[in-house]
Amino acid sequence: MALDSRERLIKTINHEDPGKVVVDMGSTTVTGIQAHALRLLREKMGLEEKPVKVNEPFQLLGMIEEDTRECLGIDVVGIDPNYTVYGFENKDWKPWTLPSGDPVEVAGGFEVKEGPDREIYMFPCGDRNTKPCAVLMEGGYFFNNITRIRKPYDEATSSAREDFKNDFAVLSEHKLRNVEEKVNYYYNNTGYGMIYSSILTAMGDMGFLQGPAVKEPDGIRDPQEWLLAYYTAPDYVHDCYEMQAEIAIENAKLLKEATGDKMQVMMVSGTDFGTQNGPYISKDMFREFYLKPFQKVNGWIHENTNWKVFFHTCGSIVELLPDLYEAGVDILNPVQCSAEGMDPVMLKQQWGDRFVFWGGGVDTQKTLPFGTPEEVYEEVSQRLGIFAPGGGFVFNTIHNVQGPTDAENLEAMFAAIADYNKKMENK
């Protein structure tokens, strides 16, 4: 009897052979596809012609709907409270047009204005009476957050817990019910695997530092100033991360109460610790600021739930792998094989028994957007041959599929996956 997607995901994240590789696209904000590329893919697949819903406005990611999942053989769905990084709920859909000219739908709280150079400014929580929190440049494919500071950091009086109290909070009853409803629907009516994709913590995550969902941010909000704060205001940083760990554990408790053992994976962190050529943080600094709060959160999850801990961290992180393992990380994403030292063969051989690799399936910097379909097919086939044997691998691209990606290349990617799975089934 063939296993369903959920059963194969469970085997995969427990380092058992699932029979055929588990495939993800769109379950999280770091495993998705830009709305323009999704429209082209849907058109190529002959799916119903309709505007793509932008459910993640920061990166203008498109919502993967049921017809797309069925057509492409996607195995995993994301579970979240239904709120965006800009603080409004994904409901009351309305028409909008991407800079690429694609008609899409956005949530009712998506409120923007055009600037003098045709740039587009986003308002936090859909409130036009506040300063814009992000900007989309003309012809761009994603927003960039804007640093806004109402009350600057003052060494004598500032408190990280006070400054960031509106950024990190215990889940409301409404958000918990949204999560519970989604989990129960997918658990009772489908065989999909499930990942909580809202990110449990944001320690050091530059996507949240500037307070994109906060109307009037206080404290240290500039990314460069935050990096300096590790040296100039270490107690402030420690306090901020300790607070986040405390709230993360409280939210994990609430999510466990609401969903039981129905989900398989918890996305704990989206902080990038690597650059193209190496880690941007030293091992000593990682251990000083991150190790203990991550161990607290991940330890609670491992002791009290069946969830596996998912960490997204871009770039070359080879030097930090021992520390990430010690921190309690189970799953690594995006597995940026294009970064220095991130050789896929080495990763599988040396770390494949300790980490599940969720991503790494094809390079989204060069091969997928700019290669030929034949080059895409070849790279995907090679990566599957390296990562998939024995389990411990969920196929996804290296981070999100970018806007300027041809549908023919995406078609070649899914063809390579289908061909690999056929070979596995025939063994």
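The values are calculated or read from the model by the stated rules, or taken from the named source; none is laboratory data. In this text the structure is predicted, and so the values were computed from the model without any measurement. Don't worry about glycine lacking a Cβ; one is built from the backbone with ideal geometry, like all the others, and counts go over all protein chains shown. Keep in mind that these areas ignore ligands, DNA and RNA; they rest on the heavy atoms of the full protein, side chains included. Shrake-Rupley method; radii C 1.70, N 1.55, O 1.52, S 1.80 Å.
To keep it simple, each residue is scored yes or no on (1) open to solvent by less than 50 Å² (accessible area, probe 1.4 Å); (2) more than 20 Å from the chain's Cα centre (by Cα).
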residue: GLU48; (1), (2): no, yes
residue: PRO51; (1), (2): no, yes
residue: PRO57; (1), (2): yes, no
residue: THR68; (1), (2): yes, no
residue: THR84; (1), (2): yes, no
residue: THR97; (1), (2): no, yes
residue: SER100; (1), (2): no, yes
residue: GLU119; (1), (2): yes, yes
residue: ASN129; (1), (2): no, yes
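What pairs come out if I take residues in the stretch 350-362 that are closer than 13 Å to TYR325 by Cβ and pair them with residues that are of a type in the set (Ser, Thr, Tyr) and open to solvent by less than 10 Å² (accessible area, probe 1.4 Å) whose C-beta lies under 8 Å away, six or more apart or interchain?
That search, which allows pairs on different chains as well, returns VAL356/THR12.
Checking GLY87 against (1) without any contact (Cβ under 8 Å) to a residue 60 or more places away in the chain; (2) touching a helix residue (DSSP H, G or I) at 6+ places or on another chain (Cβ under 7 Å), which test does it fail?
For GLY87, the failing item is (1).
Quick check on my filter: what residues within the stretch 217-238 are acidic (Asp, Glu), over 25 Å from the mean Cα position of the chain (by Cα) and either over 15 Å from SER158 (Cβ atoms) or assigned to a helix (DSSP H, G or I) (or both)?
ASP235
Mind counting the residues in the stretch 291-305 that are more than 24 Å from ILE10 (Cα to Cα) and either crowded, with 19+ Cβ neighbours inside 10 Å or not charged (D, E, K, R) (or both)?
Counting residues in the stretch 291-305 that are more than 24 Å from ILE10 (Cα to Cα) and either crowded, with 19+ Cβ neighbours inside 10 Å or not charged (D, E, K, R) (or both) gives 2.
Which of the residues that make up the stretch 168-203 are more than 20 Å from GLY32 (Cα to Cα) and aromatic (Phe, Trp, Tyr)?
Correct list: PHE168, TYR185, TYR187.
Quick check, is LEU384 within 14 Å of VAL23 (Cβ to Cβ) and modelled with pLDDT of 95 or more?
yes
Failed condition for TYR187, given (1) more than 27 Å from VAL23 (Cα to Cα); (2) among the hydroxyl-bearing types (Ser, Thr, Tyr); (3) open to solvent by 40 Å² or more (accessible area, probe 1.4 Å); (4) part of a helix (DSSP H, G or I), with all others met?
Result: TYR187 passes all but (1).
Are any residues in the stretch 73-115 out of contact with any strand residue (DSSP E or B) (no Cβ under 8 Å at 6 or more places or on another chain) and of a type in the set (Asp, Glu), and if so, which ones?
Once the filter is applied, which keeps residues that are out of contact with any strand residue (DSSP E or B) (no Cβ under 8 Å at 6 or more places or on another chain) and of a type in the set (Asp, Glu), the stretch 73-115 yields only ASP92.
Restricting to the stretch 86-95, and then to whatever is within 20 Å of the chain's Cα centre (by Cα) and of a type outside the set (Phe, Trp, Tyr), can you tell me which residue is surrounded by the most Cβ atoms within 10 Å (Cβ to Cβ)?
ASN90
Considering only residues that are open to solvent by 30 Å² or more (accessible area, probe 1.4 Å) and small (Gly, Ala, Ser), which ones fall in the stretch 325-367?
Passing the criteria: SER338, GLY341.
Being among the charged types (D, E, K, R) and open to solvent by 20 Å² or more (accessible area, probe 1.4 Å) is the filter; apply it to the stretch 218-251 and report the residue that is farthest from THR147 (Cα to Cα).
GLU250
Condition first: closer than 30 Å to THR232 by Cα and open to solvent by less than 40 Å² (accessible area, probe 1.4 Å). Now tell me which residues in the stretch 168-184 satisfy that.
Scanning the stretch 168-184 gives a single hit, PHE168.
Hey, does the stretch 194-214 have a residue that's open to solvent by 20 Å² or more (accessible area, probe 1.4 Å), more than 25 Å from MET285 (Cβ to Cβ) and in contact with a Ser or Thr (Cβ under 7 Å, 6 or more places away or on another chain)?
Checking the stretch 194-214: not a single residue is open to solvent by 20 Å² or more (accessible area, probe 1.4 Å), more than 25 Å from MET285 (Cβ to Cβ) and in contact with a Ser or Thr (Cβ under 7 Å, 6 or more places away or on another chain).
Can you give me the number of residues within the stretch 139-151 that are out of contact with any strand residue (DSSP E or B) (no Cβ under 8 Å at 6 or more places or on another chain) and either open to solvent by 30 Å² or more (accessible area, probe 1.4 Å) or aliphatic (A, V, I, L, M) (or both)?
So the answer is 2.
Looking at LYS308, LYS283, which one is farther than 23 Å from THR29 by Cβ and either modelled with pLDDT under 95 or open to solvent by 30 Å² or more (accessible area, probe 1.4 Å) (or both)?
One residue alone meets the criteria, LYS283.
Do we find a residue being among the hydroxyl-bearing types (Ser, Thr, Tyr), over 30 Å from SER172 (Cβ atoms), open to solvent by less than 70 Å² (accessible area, probe 1.4 Å) and modelled with pLDDT under 95 anywhere in the stretch 9-31?
For the stretch 9-31, residues among the hydroxyl-bearing types (Ser, Thr, Tyr), over 30 Å from SER172 (Cβ atoms), open to solvent by less than 70 Å² (accessible area, probe 1.4 Å) and modelled with pLDDT under 95: absent.
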